[in-house]
1. Just to confirm the number: angle between the C-alpha axis of helix 269-281 and the first principal axis of the chain, 0 to 90 degrees, nearest 10?
2. If you split all Cα-Cα distances of the chain into 20 Å bins from zero, what percentages do you get per bin, shortest first?
3. Can you tell me the 0 to 90 degree angle between the C-alpha axis of helix 295-304 and the longest principal axis of the chain, rounded to 10?
4. Once region 45-160 is represented by equal point scatterers at the alpha-carbon sites, with solvent omitted, what log10 I(q)/I(0) does the Debye formula produce at q = 0.11, 0.15 Å⁻¹?
5. With only alpha-carbon pairs counted, each pair once and no self-pairs, how large is the Kirkwood hydrodynamic radius of region 256-331 in angstroms?
6. Over 23 Å between C-alpha atoms is what I'm after, so list which of K161/K257; K68/K100; K262/K361; K16/K120; K16/K178; K74/K100 land there.
7. Restricted to Cα positions, what overall size does region 1-111 have along the principal axes? Three whole-Å values, descending.
8. Looking only at H158, H77, H315, which one moves most when the chain is put into a Gaussian network model with springs between Cα atoms under 10 Å?
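Throughout, read-outs are computed from the coordinates displayed, never taken from laboratory work. Quantities reported herein were computed from a predicted structural model and do not represent experimental measurements. Ideal geometry is used to build each Cβ from the backbone, glycine not excepted, and the neighbour counts take in all protein chains shown.
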Amino acid sequence: MRIDRIDIIRVLNPFKHPFQTSFTKFENRDALLVKIYSEGLVGWGECKAFYGPFYNPEDNGTVFHILKNMIIPKILHQEVESPEAFMESFSYIKGNRLAKAAIENALWELMVQRTGKSLKTLLGGTQKEIKVGVSLGIEKDINVLFKEIYQYLEQGYHRTKIKIHPGKDIEVIKAIRKEFGDIPLTVDANSAYTLKDIDLFKEMDQYQLQYIEQPLGEEDIVDHAVLQKEIETPVCLDESVVSYEAAEAAIRLDSCKVINIKSSRCGGVYEGKRIHDLCVAHGIPVWCGGMTELGIGRAQNVSFASLPGFTELAHDVAAANRYFDEDITSPMVDITDRCTIIVPDEDNGIRYEVDEKQIDKMEAGHWIFK
Ligand code: OSB
Ligand code: MG
């Protein structure tokens, strides 16, 4: 594929309801999109970074730098053989995986157009639909949280995940169990705790959580192994799994019993698939995580989650209207009456077309490289 031009576009899409995590409160999805022009085709990619480095070390500013100064000058007016070849040729750039994944996303879209095959087919996906769960932010008022849980249970969401942080954890879990009985429930700490809190996690064992997501720091793979030995509830790693090697370390050390794969956090779906295959080989259950994506990234997650290992656990890939009134694909990604999302493929003809009018409406910056 010859790369003829690349645009970086910053968009802002307000959340219907602010999303509070242990690291920040999100009012808008502030995202960078990349638009790659290649031999008469246009491939879009979405960068999953946020406006600040709260979830992982990258943010929109660092991504912009890496794209503008490190990646775009090297691929503009050049041939790129495939998304995999792109990733391999940029392995000399350390980290910066969200930045690389944004370009990779657009290259896969170009591959879809060039081959006439779906991303599901190109990746080797096997599932027709994926099961979705909901991830709810921290709420000051427990009644607001209860109302939300009722609302999503009514829509059939297959699992409820709540964000926790010190001071808003065990009591909230206890209250939810009392109100909702034995619903499939998980918690996500976004690395807000340390091993000093081990008693708290032991106490959580009585609440039958499906898993506890990323209780300790991103780099605490060893500490997670210590914690997992002490508790029954499966630890699920998110932030710590930045690469195939990190996943391998976590599996070898028994740092977790479940892994949340966010392909972008690992540099794209090519690396994500390698981690998926590794987990399947070791019998580690996996599910597809989310980053409150806009439609381009959300649609890519839907295709990624069709890989054969993503079976039992529900994904953080909800309907777009759970977050936003409007989105940048037509149609917006939506759920079925079984609370699943249909995976686009050649047979069902479903496509989430990029809606450029919506992108224009949300545009907050535009840079052209040609
Ligand atoms: O840790 O899984 C996470 C959102 C932003 C950053 C990190 C995380 C999340 C979520 C929401 O939990 C996932 C989603 O609904 O897209
Ligand atoms: Mg998480």
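1. The angle comes out near 40 degrees.
2. Answer for the chain: a P(r) of 30, 60, 10, 0 percent.
3. 70
4. -0.58, -0.87
5. On the way: mean 1/r = 0.0781 Å⁻¹.
Averaging 1/r across every pair of different Cα atoms and inverting gives 12.8 Å.
6. On the way: K161/K257 17 Å; K68/K100 12 Å; K262/K361 28 Å; K16/K120 30 Å; K16/K178 28 Å; K74/K100 13 Å.
Long pairs (Cα-Cα over 23 Å): K262/K361; K16/K120; K16/K178.
7. 42, 29, 20
8. H77
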